[in-house]
Structure formats: structure tokens, C-alpha cells
Amino acid sequence: MKKSYSQFSLLSNKLLYGTKEKKSFFDYFLPKYRYLQIEIPYYEFLRGEVFVEDMKDLFEEAPQNLSLYHLIALLYFDFLEQVKKGAKYEQLCPFLISSKKKFLERPMIEKRVLKQVTSNLFSFEQREEEIEVTSEEKRAEITLRIKESEIYRGEVFLHDISPYLMDEELKVEDLLVILFMDFLKRIKEKGNSSQAMKAILLNFEDYF
């Protein structure tokens, strides 16, 4: 298998090398962490930070070290938990495909182009072209510290659903961005949810 499902290619390496990797004494008792980097629009970065601050203001039990990094990681962990419980691929795959187009791909525009048909006749044809990202569209880069085992689970999931993605390719980093952007979209549409905030805080205690 040549596909890489994250920047670390954990699944590909395991299939290629098996369990030959040497482990130290501490590897058996301490979880191994990796650092994933994702990029999101700068406004969404600021909106996510405001949501985290809202949680701290509304709930006394919210830890003061709670950050945007924790929120994104918790959305990912919760998603994997739903997959573990048997979430239906026929529901997940259309969501992931449409979300990739919405949140990850550069926008496309239709442009009318004048094309000569004969020496005396011209006609218009339609064509799509990508809009170049300008320097005005600020982006924020976020580094996430996540257990290697959780990244590996995400890679296995993406490999499992790859036949149903209609030739679209996704990595764990893409999944993190999609889950975060979709979460913020729902917050912006419906406002803050105290129920969602409580669930995030409960999961924080379990994972951090």
C-alpha cells in the first residue's frame, strides 16, 4: 500500500516493516506522542479561541489551560469514538466528501472565454479555473500533540473508507480541519451550546 494517510504514514510503515521496530522499556508504559500540523483560516482560528474562552467564562470547572489545541483534538477523539461504536460509512463518506470540497479545496469560478470558431465567427465557452489564494487571506498554523495510537486509528479508518470516497483522498490532518470547521459552522449557525460545552469538558478529563 503506497497511500499515506497522515504525514507519518504509520499504517503504511506497519504494513511494510511489520513489528520490527525496536521498543525501549518506557515505550511499553508511556504513550508515544506525535506532533501534527494543520492550517486553518485565520478568522476560524480567532472564532475557535473565542469559543474556548466562552467555556472558561461559563463553567467554573473548565481548566484554565484549556486551549484551541485541546478543542480540535477532542473533536477528533469524539469522532473516532463514534466510529468505534459503529458509525455508518454510508453517512460519513458523503459528509467527508462534501466537507473536503467546502473547507479544504480552493474555490472555483466560472469564466466566460471568447473563442474563435471561424475566421469571421466567435462564440463563448465556459471554463472553470482555480482562484489563487492571495496574501490577504490570512492562515493560522496549529500544532497538535496527539498520541501515536490515535493517529494510527485515524489512518486505519481512512483506509477502511477509501473505497467509498469516490477517488477523493483524505489524511488525518484533513480530518482534523474538517471536524473543526464543521463544528464552528454549526456554532455560527445556531450559537453556543451549553450541552456541547459540557461534553467537551467531560472529554477533557478523560483525554488530558
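All of the numbers you see were taken from the coordinates with simple rules; none came from a lab. Source: prediction; values computed, not measured. Note that we place each Cβ from the backbone using ideal geometry, even for glycine, and neighbour counts take in every protein chain shown.
Points to keep in mind about this one:
- Less than 5 angstrom separates the built amide H of Ser6 from those of Val172, all sequence-distant by 5 or more or on a different chain.
- Label zone at Asp167 (point 7 Å along Cα-to-Cβ), backbone N below 20 Å, the stretch 82-101: 93-101
- One decimal place: the segment Glu81-Asn13 gains 22.1 nm when fully extended, by the rule 0.36 nm per residue minus the C-alpha distance.
- The peptide list 4-12, 86-94, put in order of mean Cβ contacts within 10 Å with the highest first, becomes 4-12, 86-94.
- Per-residue extension of 0.36 nm, minus the Cα-Cα distance of Lys190 and Tyr42, leaves a gain of 51.2 nm for this segment.
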